[in-house]
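Worksheet: the structure to be examined is printed underneath.
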Amino acid sequence: MPGRPLLAILTLVLTLFPALAAADPQDGPHAEVRISISDTDVRFNVAMNLNYVDAVMPTAREFPDAVDPTEEAAIRERIEQFFLDENEVTIDGVEVRGIIEEYELIRLDRENLKLFPKTGLRALTRFNLVVSYPFKSAPEVLTMAWSAYPEDTMSTEPPGPDGKLPKMIILALLKAEGIVEQIIFSESDPVVEWRPSHATIDDRLETVPEPIDFATPGIPIISVALLLAWVVFSVVLVKKQGIKIVVILGIPLLIMAYVARTGAVLPIGEPDVDDDALLAVFKPLHTNVYRAFDYSAESDIYDALSRSVSGDMLEELYTSIHRGLVQAEQGGSVGRITKVLIDESNVVEINTDNPSFVVEAYWIVEGTVYHWGHSHPRETVYHANYTIAEDDGKWRIVGSEVLSSKHLNPDPIDLPEGSSL
């Protein structure tokens, strides 16, 4: 079915993962951080559970597992202090104080309390806030520092010699210049520096070779017939009327032979098309399709895809990616592709009538699913046939047929029956 292999990877990129979402928030300290850089500010959209808040910004409470309404003001003050005074954002070397634009304490449904035997209600109590760091002119150098890293009680690594667990790392999504990427804050490397690339869509995409000539070698029958006729008549006429009449008649015949050269052709061989040249077309097209998933703006996604895909596939892919973006903006899981490796590719069909060709390809997609401050690795092997054709003077992928796909690291999470969190 056209487009199916490309649509299949949207389960990795910018989409919800029900099983994973059902397992979150985690039974330990977690923080989800999404950062956006616009023309006017740097904006942190943060969601933390009470486990994380207690670990790095504790407050005195009557009951450790809950936040009483009378205690909400004190815990909010401590959270705001953490973001405004202990975390730091500098723009072109100048520290900028943040502004708390939104704050909300959310007590999630208790019906799934059994999923969190270690920390109970602290895993289900969440704090959402938006912190803005405004600027007047676009920054050339921006640094962001995250100051606190509690022990990662969900870590599968053994404790160190001191008996302590490894420290948490903060996995954040950064959206800037229309691109979404993952960044990491850690105790050993707590500062992330960002500089604008000023790159256009074309700068970020690989160059695709121009269409090549698919013409089959052959003899232009009409042209040859006209030339033979001229030769025969020339032999006869030159003896009777001289060379002048031969030249007069020969000029229009030569013109007609030239015009007719693209008419009826007698094939005498196969098209002189090199498989390596065709694969050099397919590989950047394939790479550029995946790079379109890095964009966040609708127009950028469509523009990037349209440089590699056309026809029904373009509309299907664009619609699917847009749907995933909407879900991600609503707080769903987000996938990022980290590597695409073509393991094997071969040209299996060439169509010379309507210049196109089919490539059979095996490739591996590596990526991560990001949700609630942690990531889940994904690695999938695909086998598919792609049809590449000339469209408006450019090569484009116009169809694909999935032959097989295999997840190399299936999700190990096993939720209790009936879980709905």
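The values are calculated or read from the model by the stated rules, or taken from the named source; none is laboratory data. All figures in this text were calculated on a predicted structure; none of them were measured in a lab. Methodologically, a virtual Cβ is constructed for each residue, glycine included, from the backbone with ideal geometry; neighbour enumeration extends over all protein chains shown.
Please work out which residue is modelled with the highest pLDDT, limiting yourself to the range 128-144 and to residues that are surrounded by 14 or more Cβ atoms within 10 Å (Cβ to Cβ) and farther than 17 Å from Ile99 by Cβ. Give the steps one after another, and end with the answer.
Residues of the range 128-144 surrounded by 14 or more Cβ atoms within 10 Å (Cβ to Cβ): 128-135, 138-139, 142-144.
Filter again for farther than 17 Å from Ile99 by Cβ, leaving 138, 143.
Details: Ala138: 90, Thr143: 98.
Going through the qualifying residues, I end up with Thr143.
Of all residues in the range 179-188, none are at pLDDT 90 or above, acidic (Asp, Glu) and not in a loop (DSSP other than H, G, I, E, B).
Against the numbered list (1) of a type in the set (Lys, Arg); (2) modelled with pLDDT under 80; (3) surrounded by 15 or more Cβ atoms within 10 Å (Cβ to Cβ), Arg396 comes up short only at (2).
Screening Arg61 against (1) modelled with pLDDT under 95; (2) surrounded by fewer than 20 Cβ atoms within 10 Å (Cβ to Cβ); (3) within 34 Å of the chain's Cα centre (by Cα) leaves a single unmet condition, (3).
Tell me yes or no: at least one residue of the range 189-196 is surrounded by fewer than 17 Cβ atoms within 10 Å (Cβ to Cβ), touching a Gly at 6+ places or on another chain (Cβ under 9 Å) and among the aliphatic types (A, V, I, L, M). Checking the range 189-196: not a single residue is surrounded by fewer than 17 Cβ atoms within 10 Å (Cβ to Cβ), touching a Gly at 6+ places or on another chain (Cβ under 9 Å) and among the aliphatic types (A, V, I, L, M). Would you mind stating whether Arg122 is in the same structural domain as Asp39 (by TED's automatic domain parsing) and either polar (S, T, N, Q) or in contact with a Pro (Cβ under 9 Å, 6 or more places away or on another chain) (or both)? Criteria met by Arg122.
For the range 45-83, a tally of residues being closer than 18 Å to Val131 by Cα, in a helix (DSSP H, G or I) and polar (S, T, N, Q) returns 1.
Scanning the range 150-182 for residues that are surrounded by fewer than 16 Cβ atoms within 10 Å (Cβ to Cβ), among the hydrophobic types (A, V, I, L, M, F, W, C) and closer than 30 Å to Ser299 by Cα yields nothing. When the residues of the range 150-176 are filtered to those that are part of a loop (DSSP other than H, G, I, E, B) and touching a residue at least 60 places away in the same chain (Cβ under 8 Å), which remaining residue is nearest to Val56 (Cα to Cα)? In this case the residue turns out to be Pro150. Ala19 falls short of the stated requirement of being at pLDDT below 95 and under 18 Å from Arg76 (Cα atoms).
Do we have Glu140 as over 30 Å from Ile37 (Cα atoms) and either in contact (Cβ under 8 Å) with a residue 24 or more places away in the chain or not in a strand (DSSP E or B) (or both) here?
So Glu140 does not fit the description; no.
Take the conditions (1) in contact with a Ser or Thr (Cβ under 9 Å, 6 or more places away or on another chain); (2) at pLDDT 95 or above; (3) farther than 22 Å from Leu171 by Cβ; Ala73 misses just one of them, which is (1).
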